[in-house]
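Here the structure is laid out as structure tokens; the discussion comes afterwards.
Just so it is clear, none of the values below were taken in a lab; they were calculated from the coordinates. Predicted model only: the values in this text are computed from it and were never measured. Neighbour counts run over all protein chains shown; Cβ positions are idealised from the backbone, glycine included.
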Amino acid sequence: MPRKYAPRGITLAEKIDFYSVRDLATGCRLWQGSTIADGYGRMWGNGRLWLVHRAVYVDAKGPISEDVKVCHTCDMPAC
């Protein structure tokens, strides 16, 4: 199956939506894009490389410092 690429010029939130799908059983948004070795999603947006769970937090809550750990309640790397 060919890899899909997000359109240029979309917002961080739009890119997150583009590369994720909702798991109806759990309510999790599962990342379908690029990942690092331990399964966490990664993406380019706003001129930098992000771990997706941190980008989601920034989009929802605002800036965080690099030394802060951002965890999700289900603890599933793809979520």
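Please tell me the relative contact order of the chain in percent, rounded to the nearest whole number, where contacts are Cα pairs under 8 Å and at least six residues apart. Reported relative contact order: 26 percent.
Largest first and in whole Å, what are the equivalent-ellipsoid semi-axes of the chain based on the Cα gyration tensor, each being the root of 5 times an eigenvalue? Don't jump to the answer; show the numbers that get you there.
Details: eigenvalues 66, 58, 30 Å².
Here the semi-axes work out to 18, 17, 12 Å.
Give the residue from L12, C71, G39 lying farthest towards the positive end of the charge dipole for the chain; charges sit on Cβ (+1 for Lys and Arg, -1 for Asp and Glu) and the dipole is referred to the Cα centre. In the chain, that residue is L12. Take the chain, connect every pair of alpha-carbon atoms lying under 10 Å apart with a spring to form a Gaussian network, then pick out the residue of V52, V21, V68 with the largest mean-square fluctuation. Its mean-square fluctuation being the largest, the pick is V68. Around the Cα centre of the chain, unit charges on the Cβ atoms of Lys, Arg, Asp and Glu (plus for the first two, minus for the last two) sum to a dipole of about 280 debye.
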